1. Could you tell me how many of the residues in region 48-88 are in contact with a helix residue (DSSP H, G or I) (Cβ under 6 Å, 6 or more places away or on another chain), surrounded by fewer than 22 Cβ atoms within 10 Å (Cβ to Cβ) and closer than 15 Å to residue 112 by Cα?
2. I need the full set of residues from region 89-108 which are over 18 Å from residue 28 (Cβ atoms) and crowded, with 16+ Cβ neighbours inside 10 Å, in order please.
3. Where in region 81-143 are the strands (runs of 3 or more DSSP E), entirely inside, with at least 1 residues that are touching a residue at least 60 places away in the same chain (Cβ under 8 Å)?
4. Restricting the search to region 40-60, which residues are more than 22 Å from residue 90 (Cβ to Cβ), outside any helix (DSSP H, G or I) and in contact (Cβ under 8 Å) with a residue 12 or more places away in the chain?
5. When the residues of region 25-42 are narrowed to those that are surrounded by fewer than 19 Cβ atoms within 10 Å (Cβ to Cβ) and in contact with a strand residue (DSSP E or B) (Cβ under 8 Å, 6 or more places away or on another chain), which ends up farthest from residue 102 (Cα to Cα)?
6. So how many residues does region 106-116 have that are over 14 Å from residue 82 (Cα atoms) and under 12 Å from the mean Cα position of the chain (by Cα)?
7. Out of (1) in a helix (DSSP H, G or I); (2) at pLDDT 95 or above; (3) under 30 Å from residue 140 (Cβ atoms), what's the single condition that is false for residue 31?
8. Would you mind stating whether residue 74 is outside any helix (DSSP H, G or I) and either on the phi < 0 side of the Ramachandran plot or at pLDDT 95 or above (or both)?
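The values are calculated or read from the model by the stated rules, or taken from the named source; none is laboratory data. Just so you know, these numbers come straight off a predicted model, no measurement behind them. Positions of Cβ are generated from backbone atoms using ideal geometry, with glycine treated the same way; all protein chains shown enter the neighbour counts.
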């Protein structure tokens with residue numbers, strides 16, 4: 001939830017929230033990930049996800065694994081786009097998607113702190129073999 005501050009002055013009600021620093025969107029076809037899984041097996045997933053996130057994803061039914069892996073890849077791309085840095089300067093495993101929330105750790109967390117990012121809002125969706133990720137980066141300071 002965004003940080004909000006409300007105050008009243010001179011008959012006006014003011015609502016202040018964190019400033020949006022960046023927005024990123026990415027799509028990824030599940031077939032792309034199915035090819036990687038066929039060729040490299042679970043190593044493909046472990047290359048981009050932290051151990052805990054990979055274990056959670058790999059416990060999914062096989063029929064949804066490629067779609068979910070594509071969503072996790074799209075999430076990383078969307079974060080890179082929202083930051084304006086792409087995927088350089090941070091480890092892909094430093095971004096975790098836990099219980100419907102994106103969590104930054106390690107180099108990525110430091111990079112976000114240096115950029116003044118206080119919160120990562122993210123959502124993933126899958127349909128018809130396509131996964132999409134939408135990311136909004138919010139400042140830690142109120143405007």
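1. Adding up the residues that qualify gives 2.
2. Hits for region 89-108 are 90, 94, 103, 104, 108.
3. It comes to 117-127, 130-142.
4. At the first step, the residues of region 40-60 found to be more than 22 Å from residue 90 (Cβ to Cβ) are 40-42, 58-60.
With the extra rule that they be outside any helix (DSSP H, G or I), the set shrinks to 41-42, 59-60.
The one that is more than 22 Å from residue 90 (Cβ to Cβ), outside any helix (DSSP H, G or I) and in contact (Cβ under 8 Å) with a residue 12 or more places away in the chain: 42.
5. So the residue we want is 29.
6. Qualifying residue count, region 106-116: 0.
7. Every condition holds for residue 31 apart from (3).
8. Details: outside any helix (DSSP H, G or I): no; either on the phi < 0 side of the Ramachandran plot or at pLDDT 95 or above (or both): yes.
For residue 74, the condition - outside any helix (DSSP H, G or I) and either on the phi < 0 side of the Ramachandran plot or at pLDDT 95 or above (or both) - is not met.
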